[in-house]
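What follows is a set of notes on a single structure, which appears directly below.
The values are calculated or read from the model by the stated rules, or taken from the named source; none is laboratory data. Please read all numbers here as calculations on a predicted model, not as lab measurements. No Cβ is skipped: glycine too gets one built from the backbone with ideal geometry, and neighbour counts run over all protein chains shown. Surface accessibility is based on the protein's heavy atoms, side chains included, excluding ligands, DNA and RNA. Shrake-Rupley method; radii C 1.70, N 1.55, O 1.52, S 1.80 Å.
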Amino acid sequence: MIYRNAVLSDIPAIAELQKKYHIATISEKDKPDGFVTTLFTEEQFKELIEKENGITVAFDNKKIVAYAMAASWEYWAKWPLFQHMIKDLKNTEYKGNILSTINSYQYGPICIDKDYRGTEVLLKVFDFSRRQMSQKYPILITFINQINPRSYYAHTKKLGLDVIKKFEFNNNTYYELGCETSF
Ligand SMILES: CC(C)(COP(=O)(O)OP(=O)(O)OC[C@H]1O[C@@H](n2cnc3c(N)ncnc32)[C@H](O)[C@@H]1OP(=O)(O)O)[C@@H](O)C(=O)NCCC(=O)NCCS
């Protein structure tokens, strides 16, 4: 398995994985094992790669089997849910720090193809992304829909993220989670 930053030619494969597991297009059979919420256009993937170097991929046998996104709040500001989170950063404290767009960034979505779940891919993709972002930011922030227990357990029990708060947006309840990037 190779873990690396995505390049522009990876976009079609990333888009395919997104379609398979996005809440709007996922099969009913796959939904209980988690879904991604943020929907990227090809142009938004391109910007994420070019401006933020913000996509980590796991590559097995010439196939992309997982991805994790990470970027500055400035990048995420085009989505209403993130506008809500950005506005609330100043009201949010983590380990004695009031959050800001300077001391934190947003990680996620992460998406692992079904055949590779329950393996080391989760930790490896997460860590590759976290380590890279730790050069710029001390705190990682993410959100998980309350109706995605697999992701909640993976992030709290396997990856050790802390739940910071719960918030409501668009008739959904989300957990906001975080961790320090250097550990
Ligand atoms: C979320 C995701 C990244 C987690 O990676 P993963 O490799 O599946 O994670 P793991 O299997 O190592 O860990 C998940 C844990 O949750 C548990 N779990 C699964 N469904 C559960 C449920 N309904 N309730 C409680 N725990 C559950 C699993 O049993 C496992 O714990 P265990 O190993 O102790 O048995 C992956 O499932 C995925 O890509 N899902 C689709 C997209 C997605 O949901 N992305 C996250 C968006 S926030």
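Filtering the range 34-55 to residues that are modelled with pLDDT under 95 and not in a loop (DSSP other than H, G, I, E, B) leaves only VAL36. Scoring ARG130 on the criteria (1) farther than 20 Å from ILE23 by Cβ; (2) of a type outside the set (A, V, I, L, M, F, W, C); (3) part of a strand (DSSP E or B) leaves a single failure, condition (3). Scanning the range 146-161 for residues that are in contact with a helix residue (DSSP H, G or I) (Cβ under 8 Å, 6 or more places away or on another chain) and not in a loop (DSSP other than H, G, I, E, B) yields a count of 3.
Can you report the number of residues in the range 129-180 which are basic (Lys, Arg) and near the ligand (Cβ under 10 Å from one of its atoms)?
3
The single condition among (1) surrounded by 15 or more Cβ atoms within 10 Å (Cβ to Cβ); (2) without any contact (Cβ under 8 Å) to a residue 40 or more places away in the chain; (3) outside any strand (DSSP E or B) that LEU81 does not satisfy is (2). Give me the pairs, please: first residue somewhere in the range 109-130 and farther than 16 Å from GLY160 by Cα, second residue anywhere and open to solvent by 30 Å² or more (accessible area, probe 1.4 Å) and among the β-branched types (Val, Ile, Thr), beta-carbon distance under 9 Å, and either six or more positions apart or on two chains. Partner pairs satisfying both residue conditions: PRO109/THR37; ILE112/THR119. The residues listed here are ALA66, ALA58; of these, the one that is part of a strand (DSSP E or B), under 23 Å from TYR3 (Cβ atoms) and without any contact (Cβ under 8 Å) to a residue 60 or more places away in the chain is ALA66. Residues that are surrounded by fewer than 21 Cβ atoms within 10 Å (Cβ to Cβ) and out of contact with any Asp or Glu (no Cβ under 8 Å at 6 or more places or on another chain) within the range 157-174 comprise LYS157, LYS158, LEU159, GLY160, ASP162, GLU168, PHE169, ASN170, ASN171, ASN172, THR173, listed in sequence order. Among residues of the range 160-183 that are farther than 16 Å from LEU89 by Cβ, those with a Cβ under 6 angstrom from a residue that is assigned to a strand (DSSP E or B) and aromatic (Phe, Trp, Tyr), sequence gap 6+ or separate chain, pair up as VAL163/TYR175.
Filtering the range 17-54 to residues that are more than 13 Å from the ligand (Cβ to nearest atom), touching a residue at least 40 places away in the same chain (Cβ under 8 Å) and open to solvent by 50 Å² or more (accessible area, probe 1.4 Å) leaves GLU50, ASN53.
Screening the range 94-128 for residues that are closer than 11 Å to ILE141 by Cα and open to solvent by less than 20 Å² (accessible area, probe 1.4 Å) and picking the one that is nearest to the ligand (Cβ to nearest atom) gives GLY108.
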